[in-house]
Amino acid sequence: MNAVKVCVMGLGYIGLPTATMFAAHGCKVIGVDVNEEIVSGLNNGKVTIKEPNLDVMVQDAVRSGNFVAATKPEEADAFIIAVPTPITMDKKADLSYVRNATEMIVPFLRKGNIVVVESTVPPGTLEDLVVPILEKSGLKIGDELYVGHAPERVLPGKILQELVNNDRIIGGINRTSAEKIRDLYKIFVKGEIYLTDAKTAEMCKVVENTFRDVNIAFANELAKICERLGLNVWEVIELANKHPRVNILQPGPGVGGHCLAVDPWFIVEKAPDLAKIIKLSRETNDTMPRQVLERIDQILANIEGTKRVSILGITYKPNTDDLRESPIVKLIELMEKRRNYEIRVYDPYVKSYKYQVKDLTSFAEGSDLLVLAVHHEVFKDLPIDRLAKVMRNRNVLDTRNFFNREKIENHGFRYMLLGDGKNSQNTVLK
Ligand code: SAJ
């Protein structure tokens with residue numbers, strides 16, 4: 001039996017691992033990206049995405065001849081659209097990449113082909129945008145061309161194992177399409193595959209991330225309330241979660257990434273008058289960088305002139321190099337507007353960024369405050385004694401309940417914890 005030929009449109013955080021996974025399971029895969037540099041790099045086994053083992057898998061796939069990167073699609077048995085769906089300034093889904101990728105494959109579509117949208121899209125996008133474009137092929141949708149949505153829920157940092165083991169939802173324009181798409185993914189998916197219609201699948205994906213965003217917003221609101229009430233939110237949440245059916249997530253300096261910070265807006269867009277908790281949760285999470293800045297202002301209020309702040313970590317979450325929608329980048333933008341802050345950044349995962357200081361001693365030299373902004377695992381071994389020796393004022397603001405308070409205080413630091421109103425030196429979030 002001929003190998004299944006798969007054309008993946010978009011070679012980013014989802015498209016590339018998916019293309020490689022199909023190739024590793026015997027499919028002939030052409031990966032298409034508009035970025036020629038990425039395409040030529042990949043054909044030479046060069047992977048720019050930091051994801052454990054992805055580079056090895058890509059190199060094996062290229063070497064086997066099962067994966068080729070290109071800038072244009074070719075005829076195939078299945079087409080997978082995995083291009084970005086960012087939000088615009090007015091919080092609407094930018095579907096231009098999905099539109100362009102769908103237009104690009106139309107000339108190559110043949111009877112019996114499968115078209116899958118993996119990109120996260122507002123509910124109704126397949127019916128309203130994708131299907132009308134695919135109909136230009138002249139093929140009967142659902143009968144001669146099978147169309148559906150197979151959203152991804154892999155966790156960046158664990159993508160390759162989750163691609164295989166996660167349960168998946170597949171929504172078809174009709175039942176036959178859903179079944180054909182299920183059979184395609186069963187080539188490598190070991191998790192359960194649940195079938196539904198396309199719009200339900202589109203909604204499930206954004207609901208999953210919205211649930212998480214609302215839960216985090218609840219934790220962040222609790223952080224503000226606990227500070228005012230003189231409580232430590234981390235202790236309150238830890239104890240409340242001892243309840244068998246309570247699972248409150250963690251507060252922090254904000255919610256970043258191209259998922260939680262984006263997907264809830266796709267629901268708000270579809271029902272703005274009803275999606276009130278969802279919208280308020282997004283806005284609550286987006287207030288956190290400013291809340292952190294207000295803490296910084298309070299901690300350094302008595303310092304005249306330039307205040308030096310050393311920020312540990314700027315990525316959107318720990319142990320990744322991804323800066324997309326990072327709340328720490330937003331915090332830095334707010335600090336820049338204040339003009340009286342001298343900002344230094346230290347993040348071993350980030351190759352280059354303004355204010356970045358690669359040497360820890362210079363990073364802390366003469367500084368007035370150390371902000372733990374991202375809880376990278378490597379920061380567990382930070383030489384805090386070395387930093388203490390060179391700082392002008394030994395203040396630490398921990399936004400992730402990451403450090404060991406006692407260890408920090410033993411080095412002469414004043415330790416403040418976001419969301420902790422219990423310790424006298426913590427000031428109050430508004
Ligand atoms: N965060 C908190 N408190 C928490 C957990 C996370 O402030 O308790 C923050 C993180 O610091 C980060 C943001 O939220 O800034 C998002 O972090 P995340 O842990 O949700 O990671 P993502 O966005 O990389 O992955 C999510 C996952 N979705 C769910 O867990 C429902 C993943 O399964 C999805 O595949 C991914 O979004 C996606 O691409 O949709």
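Once both labels are positioned 7 Å from their Cα atoms along Cα-to-Cβ, the gap between residue 192 and residue 385 label points is 5.3 nm.
Cβ-Cβ distance of residue 103 and residue 361, R₀ of 56 Å, FRET efficiency by 1/(1 + (r/R0)^6): the value works out to about 0.55.
Partner lysines whose Cα lies under 22 Å from the Cα of residue 199, excluding those fewer than 8 positions away in the same chain, are identified as 91, 92, 136, 140, 180, 186, 270, 276, 279. The protection proxy used here, the mean number of other Cβ atoms lying within 10 Å of each residue, ranks peptides 7-15, 372-380, 23-31 as follows, highest first: 7-15, 23-31, 372-380. Translational diffusion coefficient of region 187-239 (Stokes-Einstein, Kirkwood radius from Cα pairs, 25 °C, 0.890 mPa s): 174 µm²/s. Computing FRET efficiency as 1/(1 + (r/R0)^6) for residue 127 and residue 340, where r is the C-beta to C-beta distance and R0 is 60 Å, gives about 0.70.
Over the chain, dividing the summed -39,500 (n - 2.57) contributions of all DSSP H runs of at least 4 residues by the number of residues returns a 222 nm mean residue ellipticity of -11500 deg cm²/dmol.
The packing ranking of peptides 257-266, 392-401, highest mean first, is 257-266, 392-401, where packing means the average number of other beta carbon atoms within 10 angstrom of each residue.
For region 226-342, dividing the convex hull volume of the Cα atoms by the residue count gives 155 Å³ per residue.
In this structure, the amide hydrogen of residue 28, modeled 1.01 Å from its nitrogen in the peptide plane, lies closer than 5 angstrom to those of 4, 5, 6, counting only residues at least 5 positions away or on a different chain. In region 5-191, what percentage of the DSSP-assigned beta bridges are antiparallel, given to the nearest 5? The antiparallel proportion sits near 10 percent.
P(r) for region 274-406, from all Cα pairs and a bin width of 5 Å, is 2, 10, 20, 24, 21, 13, 6, 3, 1, 1, 0 %, short bins first. Other residues with beta-carbon under 9 Å from the beta-carbon of residue 213 carry, at +1 per Lys or Arg and -1 per Asp or Glu, a net charge of +1. Each peptide in 44-56, 174-186, 99-111, 195-207 was scored by the mean count of other Cβ atoms within 10 Å over its residues; highest first, the order is 195-207, 174-186, 99-111, 44-56. Does region 5-191 come out rounded, prolate or oblate, given a ≥ b ≥ c as the square roots of the eigenvalues of its C-alpha gyration tensor, rounded meaning a/c under 1.5 and, failing that, prolate meaning a/b above b/c? Rounded, since a/c falls under 1.5. Based on the Stokes-Einstein relation at 10 °C and a viscosity of 1.306 mPa s, and on the Kirkwood radius from alpha carbon pairs, the chain is assigned a translational diffusion coefficient of 68 µm²/s.
Taking label points 7 Å from Cα along the Cα-to-Cβ direction, residue 179 and residue 46 give a separation of 4.7 nm.
When the C-alpha to C-alpha distance is required to be over 24 Å, the pairs from 351/407; 5/111; 337/380 that qualify are 351/407; 337/380. Please compute, over every Cα-Cα pair in region 328-430, the percentage with a separation greater than 25 angstrom. The share of Cα pairs beyond 25 Å in region 328-430 comes to 17 percent. Per the Debye formula on identical point scatterers at the alpha carbon atoms of region 199-429, with no solvent, log10 I(q)/I(0) at q = 0.10, 0.11, 0.18 Å⁻¹ is -0.47, -0.56, -1.39.
Every number in this text was worked out from the coordinates using simple rules, so none of it is lab data. Remember, predicted model here, so these are calculated numbers, not experimental data. Quick reminder, even Gly has a Cβ in these numbers, built from the backbone with ideal geometry, and neighbours come from all protein chains shown.
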